[in-house]
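First up is the structure itself, then whatever we jot down about it.
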Amino acid sequence: MKLIDKARMKSPWVLHYNAGSCNGCDIEILSCLTPMYDLERFGIVNVGNPKHADVLLVTGPVTHRGARVLRNLYEQMPSPKAVVAVGTCACSGGVFRNCYNCLGGVDKVIPVDVYIPGCAAKPEAIIDGVLMAVERMSEHTPLKRGK
Amino acid sequence: MGEAHTIHAELPDIENVQVVPKEQLLERVAQLAEQGHRFITTTCIDNGERFEVYYHFDRQLAMTHLQVTIDRDAPLPSITPIYFCAFVAENEMKDLFGLRIDGLMVDYQGRMLVSDELPTPPMRKSDARRNGDGS
Amino acid sequence: MAVKTVLPFGPQHPVLPEPIQLRITLEDESIGQVLPALGYVHRGIEKAGEKNDYPLNVFLVERICGICSATHGLAYCLAIEKLLGIEPPPRANYLRVVWAELHRLHSHLLWLGLLADAFGFESLFMQIWRIRETVMDVLEQTAGNRVIISVCSIGGVRRDLSEQQIEQTMNALADCERQLKAILPAILEDYTVKKRTVGKGVLPTEKAIRLGVVGPTLRASGVAQDLRMTGYAAYGELGFEPVVEQAGDCYARAVVRARECFQTIDLIRRALERLPEGDIQTKPRGNPNGKAIVRVEAPRGELMYFVVGNGTKNLERMRVRTPTLANAPALLEMLPGAEFADVPVITLSIDPCISCTER
Ligand code: SF4
C-alpha cells in the first residue's frame, strides 16, 4: 500500500466538474494546464473518468440538476478522495446565493476538503489548492462532514 | 439611492412595436419570415394581471417587435412551424412563467431548464404579489 | 441494415468543459437526430436581476458568463444609461471599447485553442493558450483581475489607464500579433485541419438567417452583420468593417474568428491612440423607468438586453438573450447526417457557451 500511496501523492489525477459556474473558474482551471502554469509538472493530470480520479475539482454554486450529477460522480470515485471547491460561488454561492435554482455551495451536497475563494480563483491559488488536497489525502484524515 | 426620482417628460420606450391580437400572430410572423427577418427571441413580462409577450425580429440591424397580451391561463400558438429556432425561447417561457404554448415542435413539458425540485414556475408572480402585498 | 443507437453525450464528458447533454440517435456511424438536454447550469439570473438594486446588477450580469463578462457588463450599463438618460464621457466610451475588445481577443484565442484540441492537436492548443496568457496579463495589469474584470459601471468605467499602462498594452499587443501571425498558418493551412473542417456543418445564407444564427457563425455564412456597425460606445468613431466569409462551413467560421483577432488588435490600437482626455464617470441619478433594448456584439454574437424599469431601484424585468441561445438551434440542423466523429468539431464551431444559454 505504501507504494501506491506514494504514487498517488506524486501524481494525483483530477476530475473537473462544472456544477453551474459562469465559466470563469473553468477557464482558469484549463489555464492551469497550459504552459504558463503547467500543473503537469506536479504530475497532475486531468482525466475524464471519475473512476480514475483522486481529486474532484468543482466549480459553481451547484444547481438542482447539477447536484445529482455531482453526487453521482463523487460516489463513483474510489477512496481516498478529496474535493476542492474552486471559486467563491462554489464555496458559498457567491453572487448566485439568492438564485432560485442554486443550492449555494458544494458543501451542501458533498463534503469539501479545500475551499479556494476568488472570483475567478487565480491559477496560482488553484494549484496551491490541489496540492493541499493531495496532502490532506495522504494524511488520511478524511473530513467527516454531513451529507 | 436616496435621491428623488427624475421625472421624465416621457418614459423611454422601445421603438417599432406592433401590437397584434393573438389570432393574427402566426400570420404576422409568417409575413416577417417572408421578408427575410431573423428571429431574435421572445420576452415574457408578467405585469401581475396578464402576460405581455414580445417577439423580437431583426432585419439588417433594424428591429421589429410584435406584442401580444394574453390572459395568464390562455394558450398561445407556437411559432416554431415558421421559425424552428424559436423552440428554445418558447420552452423557456413555458418553464419560467408557466405559459401555455400550443403546437411546440420540440416540447420539454416545462422541464427544459428547471427540474422537479421547483414545482411552480419561478418567474410567475404569485397571487400575493399581484394583490400588492409583498413580493 | 442500419443499427440505431441512442447515445447520451454528456453532461460530464472529457471534451465538454460545460455540462450539457446531447442525446444523439446514431444510425451506424451517421447521426440521425440530436436533442439537447439543458438545465445543468440554469441559475435563475433573470429573476435575481429583479431582486437586486440596479447598480449591483452589474456584478451579477458579469457573472452570467465569465468568458464575455466585459460585454455583459457593457450591455447592461448601456441599457440602464438609456433608461436614466445619461451619457458616459468620451474617454469612458473609448476605454469600454478597449476592454470589450481585449475580452474578445482572449475569447477568440480560447476558442482557437479548443478547436485545435477537438482534432487532437494538443501542442497547438498549448501554443495558442500560451499566446492567450499575454492578453490575460494585460487584463490583470489594467483591470486588476484576469477573467471577471468588472470595469463598466453605470455612467462610465471604474478604472483609468495611465500612460505607462497604455504603452505596456501596446507592446503586449504587438507581441501577441507577431506570435499569432507565426502560428495561425499552422491551423488554417494544415492539410489535416482542412480535412476535418472544410465542408463540415455547412450553413447556407438563407438557412442561417432562418435559423437565427448570430455573430461569427452568421458572418461565416456570408451575411455582413455585426452589431458594432451600429456604433455603440466608441465604435462609430473607430471605423469598423465586419469580417465576412462565404462558405458557411466550420473552416469559414475558424477563418472569421482568426481574422477577427487581428481586427480586434487593430481596434484596440486605434482606440488607445485616439483616447480622449477627461473624466471617466458620469454620476447616475434617479431610478430607471421605462423600457429599453440594447444590442451589442459579444465575442459569440449578438447579445440583447431588454430592461424594464418601474421607477424604483429594482428592475421590473431583465431579459437577456445570449448569443449561444440563438446559435444552438442551428446545431440541430447541422448535426444530422454528419459523421459521429465530427460531432465535437461541429459543436465547437458555433463556440457554445452553456452558462450563457441557460443563465
Ligand atoms: S467564482 Fe466567480 S468566476 Fe468563478 S464560477 Fe463563480 S461566478 Fe464565475
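Bear in mind that the values in this text are calculations on the coordinates, not laboratory data. None of these values were measured; they are calculated from a predicted model. Cβ coordinates were reconstructed from backbone atoms using ideal geometry, including for glycine residues, and neighbour counts include every protein chain displayed.
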Quiz item: Given the Cα-Cα distance of A:MET36 and A:SER138 and 0.36 nm per residue of separation, how much length would full extension add, in nm?
Solution: 34.0 nm
Practice problem: Please give the residues of the stretch C:31-73, grouped as numeric ranges, whose backbone N is less than 13 Å from a label point set 7 Å along the Cα-to-Cβ vector of A:ARG71. | Solution: none
Practice problem: For C:LYS283, go through the aspartates and glutamates and keep the ones whose alpha-carbon is under 14 Å away, minus same-chain ones fewer than eight residues off. | Solution: B:GLU3, C:GLU81, C:GLU87
Quiz prompt | Charge sum, other residues only, whose C-beta stays under 10 Å from C:ASP351's C-beta, Lys/Arg counted +1 and Asp/Glu -1 | solution = +3
Practice problem: Report, in debye and to the nearest 20, how large the dipole of the protein assembly as shown comes out about its Cα centre when Lys and Arg carry +1 and Asp and Glu carry -1 on their Cβ. | Solution: 1140 debye
Self-check item: the protein assembly as shown - mean residue ellipticity at 222 nm from DSSP helices (-39,500 (n - 2.57) per run, n ≥ 4, rounded to 500)
Solution: -12000 deg cm²/dmol
Quiz item: Which order do A:LEU57, C:LEU38 fall in if you start with the one that has the fewest other Cβ atoms within 10 Å?
Solution: C:LEU38, A:LEU57
Exercise. Would you work out the charge dipole size for the stretch C:182-306 about its Cα centre, treating the Cβ of every Lys and Arg as +1 and the Cβ of every Asp and Glu as -1, and quote it to the nearest 20 debye?
Key: 480 debye
Quiz item: Got a sec to turn the phi values of the stretch C:256-266 into Karplus ³J(HN,Hα) couplings, 6.51 cos²θ - 1.76 cosθ + 1.60 with θ = phi - 60°, whole Hz, x for Gly and Pro?
Solution: 4, 5, 5, 5, 5, 4, 5, 4, 4, 4, 4
Quiz item: Spin-label point model (7 Å from Cα, Cβ direction): what's the C:ASN171 to B:GLN31 distance in nm?
Solution: 6.2 nm
Quiz item: How far is it, in nm, from the label point at C:GLU206 to the one at C:ASP28 when both lie 7 Å from their Cα along the line to the Cβ?
Solution: 3.0 nm
Quiz item: Quick one: how many lysine pairs in the stretch A:2-140 have C-alpha atoms under 24 angstrom apart, if they're 8 or more apart or on different chains?
Solution: 13
Practice problem: With a bin width of 20 angstrom, please list the P(r) values of chain C as percents of all Cα-Cα pairs, from the 0 bin to the one holding the largest distance. | Solution: 30, 57, 13, 0
Quiz item: Residue-wise, which Karplus ³J(HN,Hα) couplings in Hz belong to the stretch A:37-45, taking 6.51 cos²θ - 1.76 cosθ + 1.60, θ = phi - 60°, and x for glycine or proline?
Solution: 9, 6, 4, 5, 5, 8, x, 7, 10
Practice problem: At a Cα cut-off below 17 Å, give the aspartates and glutamates reachable from C:LYS4, other chains included and same-chain residues fewer than 8 away excluded. | Solution: C:GLU27, C:ASP28, C:GLU29, C:GLU339
Quiz prompt | Hits among lysines - C-alpha to C-alpha of C:LYS194 under 24 Å, sequence gap 8 or more where chains match | solution = C:LYS181, C:LYS207
Practice problem: Give, as ranges by residue number, the residues of the stretch B:57-73 whose backbone N falls under 15 Å from the point 7 Å along Cα→Cβ of B:ASP107. | Solution: none
Practice problem: Arrange C:HIS106, A:HIS52 by Cβ neighbour counts within 10 Å, fewest through most, would you? | Solution: A:HIS52, C:HIS106
Practice problem: Starting from the alpha-carbon convex hull of the stretch A:2-140, give the projected area averaged over all orientations, in nm². | Solution: 7.4 nm²
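Suppose R0 equals 25 Å. What FRET efficiency, 1/(1 + (r/R0)^6) with r the Cβ-Cβ distance, do B:GLU15 and B:ASP71 give to the nearest 0.05?
It comes to 0.40.
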Quiz item: Can you work out D for the stretch C:160-274 in µm² s⁻¹ from Stokes-Einstein, where Rh is the Kirkwood radius over C-alpha pairs, the temperature is 37 °C and the viscosity is 0.692 mPa s?
Solution: 208 µm²/s
Exercise. About the Cα centre of the stretch B:17-112, how large is the charge dipole given +1 on each Lys and Arg Cβ and -1 on each Asp and Glu Cβ? Please answer in debye to the nearest 20.
Key: 160 debye
Quiz prompt | Estimated D of the protein assembly as shown in µm² per second, where Rh is the Kirkwood radius over Cα pairs and Stokes-Einstein applies at 20 °C, 1.002 mPa s | solution = 85 µm²/s
Quiz item: How do C:GLU122, C:GLU245 rank when sorted from fewest to most other Cβ atoms within 10 Å of their own Cβ?
Solution: C:GLU122, C:GLU245
